[in-house]
Amino acid sequence: MFSYILNTIPRPFLIKMSYWAAPFVSMYLKGSRYTDPIDGKSFRKFLPYGYQSQRANALAPGTMSLERHRLLWLFLQSKTDFFKADKKVLHVAPEQCFYRRFKKLKNVEYLTTDLFSPLADVKADICNLPFEDNSYDVVFCNHVLEHIDDDAKAMKELYRVMKPGGLGVFQVPQDTARKETYEDSNITSSEERKVHFGQYDHVRVYGMDYFDRLRAVGFEVEEMACIEIASQKEIDSYCLSADEILPVCRKPYS
């Protein structure tokens, strides 16, 4: 049922529906087994999530965060000065678990962009961003590039708008057992893409060469493993994906 809803209801409507449903689901699942580090609330279980096969305890009921969101939050807390220093931030395809929290940060000048999201301040194509060169200290663009036909062009745009010395996190669904990215421009139907790429609107499956794709446009990339950000106890308590690798990108000064 959950998979059917995800595959049939357009994402903008899902976002709006979730704000209404989250408080009721949170109350029902309240407990102490798992904790969402984003809001600090605990639950007896998280919700399942996934298109092809559902992952147990993936979606936190309160913030609607997934494993990748909770890992990014912990990274920002423990490895950066994001919550303390003045930052000009661009968030491509903003996630709802972050949107209101980032908007409230007094040290952050926060702008969101997307073609379709109701959370976007600026409607724009990631391959043609309407922002000046070297504008942003931090750029987020998570689970977007797998939807983009010309991902290299999108990466170049992310690089262009980031300030020298800036930080970017560009998470993607990644098969860490695959050396090379799998893509085929002849696969165009939703059904075929679901079979080949795992989701009806994905155009590739990234392999371990994803980091080199980012480096090819100029980024310095640190491949930060989940265990470098969270302890094993936290991985279990926060329901993180232990095999996830966070792509931490920097734009060099030279």
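Things to note:
- Here the Gaussian network model covers the chain, with springs between Cα atoms less than 10 Å apart; of S185, S42, S32, S185 fluctuates the most.
- Cα centroid separation, segment 107-160 to segment 208-242 (Å): 21 Å
- Between Y200 and K84, the distance separating the two model label sites (each 7 Å from Cα on the Cα→Cβ line) works out to 4.6 nm.
- The 3J(HN,Hα) values that the Karplus relation (6.51, -1.76, 1.60; θ = phi - 60°) gives for segment 163-175 are, in residue order, 5, x, x, x, 10, x, 10, 10, 6, 9, x, 9, 8 Hz. Gly and Pro appear as x.
- When the P(r) of the chain is calculated, the portion above 26 Å amounts to 40% of the C-alpha pairs.
- Under 5 Å, built H, 5+ apart or other chain: amide partners of K30: R44
- FRET efficiency for the pair T188 and A124, taken as 1/(1 + (r/R0)^6) with r the Cβ-Cβ distance and R0 = 35 Å, rounds to 0.90.
- D39 sits among other residues whose Cβ lies under 14 Å from its own Cβ, and their net charge, with Lys and Arg +1 and Asp and Glu -1, is +4.
- Net charge of Cβ neighbours under 11 Å - reference G165; Lys, Arg +1; Asp, Glu -1: +1
- Among the lysines of segment 67-250, pairs that are 8 or more positions apart or on different chains and have alpha carbons within less than 15 Å of each other number 11.
- Residue-wise HN-Hα couplings along segment 112-119, as the Karplus relation 6.51 cos²θ - 1.76 cosθ + 1.60 with θ = phi - 60° gives them from phi, are 10, 8, 5, 7, 10, 5, x, 8 Hz; Gly and Pro carry x.
- At R0 = 22 Å, FRET efficiency that the Cβ-Cβ distance of R33 and D243 yields, to 0.05: 0.50
- Estimated at 0.36 nm per residue, the fully extended path between R55 and E220 surpasses their Cα-Cα distance by 56.2 nm.
- In order along segment 67-79, the phi-based Karplus estimate (6.51 cos²θ - 1.76 cosθ + 1.60, θ = phi - 60°) of 3J(HN,Hα) comes to 3, 5, 5, 5, 5, 4, 4, 5, 4, 4, 5, 9, 10 Hz; Gly and Pro are listed as x.
- Dividing the mean sequence gap of close Cα pairs (under 8 Å, 6+ apart) by how many residues the chain holds gives a relative contact order of 16 percent.
Here, each number is a calculation from the coordinates, and none is a lab measurement. Model, not experiment: these values are computed from the prediction. Reconstructed Cβ throughout: ideal geometry from the backbone, glycine too, with neighbour counts over all protein chains shown.
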